[in-house]
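K.L.:
Handing you a structure now.
The values are calculated or read from the model by the stated rules, or taken from the named source; none is laboratory data. Keep in mind that this is a model prediction, so the values were computed, not measured. We place every Cβ from the backbone using ideal geometry, glycine too, and count neighbours over all the protein chains shown. Please note that ligands, DNA and RNA were not included when accessible areas were found on the heavy atoms of the full protein model with its side chains. Shrake-Rupley method; radii C 1.70, N 1.55, O 1.52, S 1.80 Å.
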Amino acid sequence: MGNGNTITGTFNGTVHLEYLPCINYAMIHNHVPSCNFCELLNNDEVDWNHVKVAIDGELIKHSESILEIIPQGQNIQINSLEISPENEKLIELTEGIDTHFNLTIAISDEIVHQQTFPIKLMAYDQWTGARIMPELLATFVTPNHPILSRISVKASQFLEKWTGNSALDEYQTQDPNRVRARWLPFMKHSDPNL
């Protein structure tokens with residue numbers, strides 16, 4: 001999501017913030033930055049000194065960046081801001097919730113801009129979908145989950161019964177007949193003509 005807004009009052013400029021509209025545990029675990037871009041533009045005829053940009057919210061950790069100066073007519077990109085939920089609260093979610101975070105800009109200790117942005121926090125087992133970082137689907141693969149060893153043992157027992165060999169090594173052996181032998185009982189079950 002992106003948003004550009006004007007800073008008015010004692011100081012004149014603009015702030016532009018781009019961020020991901022939702023956050024899930026997989027993103028946090030894989031260190032995916034949720035704040036893509038924050039830029040401040042000083043439209044004044046004087047320099048801005050001691051600029052503090054902060055993000056926080058009810059379920060969002062405090063994050064801030066301090067800039068000593070933004071010269072007149074210049075724009076500065078801030079890459080160190082984070083929109084990070086509190087991990088303990090995020091892992092406890094059983095369903096996604098809509099919440100918000102606040103962006104605050106202070107120049108020389110004077111608050112010059114405050115804005116609220118919506119964001120969705122997702123449960124640990126929710127995927128962001130194909131539109132937002134679809135590659136994160138791979139983070140839900142759990143090859144070391146305890147239940148998989150029980151499935152492997154059962155599969156190995158069936159393979160022993162069907163082929164006389166319980167090894168789950170079909171593709172490693174590079175023997176196409178071994179692969180066919182493993183899948184033939186399933187194929188016969190679905191198509192009696194085989």
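K.L.:
Roughly speaking, what is the stretch gain from residue 95 to residue 29, that is 0.36 nm per residue apart minus the C-alpha to C-alpha distance, in nm to one decimal?
P.N.:
Separation in residues times 0.36 nm, less the Cα-Cα distance, equals 22.0 nm.
K.L.:
Sorted by average packing, counted as other Cβ atoms within 10 angstrom per residue and highest first, what order do 62-69, 25-32 take?
P.N.:
By packing density, highest mean first, the sequence is 25-32, 62-69.
K.L.:
For residue 36, project a label point 7 Å along Cα to C-beta. Then give me every residue of the range 111-125 with its amide nitrogen under 17 Å of that point.
P.N.:
Hits in the range 111-125 for residue 36 at 17 Å: 117-120.
K.L.:
Here's a follow-up. Counting just the Cα atoms, what span does the range 46-158 cover along each of its three principal axes? Round to the nearest Å and put the largest first.
P.N.:
Taking max minus min along each principal axis of the Cα atoms, the range 46-158 gives 78, 25, 23 Å.
K.L.:
Using a cut-off of 13 Å between beta-carbons, work out the net charge of the residues near residue 100 (Lys and Arg +1, Asp and Glu -1, residue 100 not included).
P.N.:
In short, -2.
K.L.:
For the chain, what is the number of Lys pairs with C-alpha distance below 21 angstrom, counting only pairs 8 or more positions apart or on separate chains?
P.N.:
Lysine pairs, 8 or more places apart or on different chains, close enough: 6.
K.L.:
Now a separate question. Can I get the semi-axes of the range 39-103's equivalent ellipsoid? Compute them from the C-alpha gyration tensor as square roots of 5 times the eigenvalues, in angstrom, largest first.
P.N.:
33, 10, 8
K.L.:
Would you mind telling me the share, in percent, of accessible area of the chain contributed by carbon and sulfur at probe 1.4 angstrom?
P.N.:
Taking all protein chains in place, the chain shows 52 percent carbon and sulfur surface.
K.L.:
Spin-label point model (7 Å from Cα, Cβ direction): what's the residue 116 to residue 64 distance in nm?
P.N.:
Output for this residue pair reads 2.2 nm.
K.L.:
Quickly rank 142-151, 76-85, 109-118 as a protection proxy: mean count of other C-beta atoms within 10 Å, highest first.
P.N.:
Most protected by this proxy first, the peptides run 76-85, 109-118, 142-151.
K.L.:
A follow-up question, please. Quick check on the chain: what are the equivalent-ellipsoid semi-axes from the Cα gyration tensor, as sqrt(5λ), descending, whole Å?
P.N.:
Each semi-axis is the square root of five times an eigenvalue, giving 56, 16, 14 Å.
K.L.:
Something else now. Solvent-accessible area per residue for the chain at a 1.4 Å probe radius, Å²?
P.N.:
62
K.L.:
Can you give the FRET efficiency for residue 109 and residue 18, using 1/(1 + (r/R0)^6), R0 = 35 Å, r = Cβ-Cβ distance, to the nearest 0.05?
P.N.:
Calculated value: 0.85.
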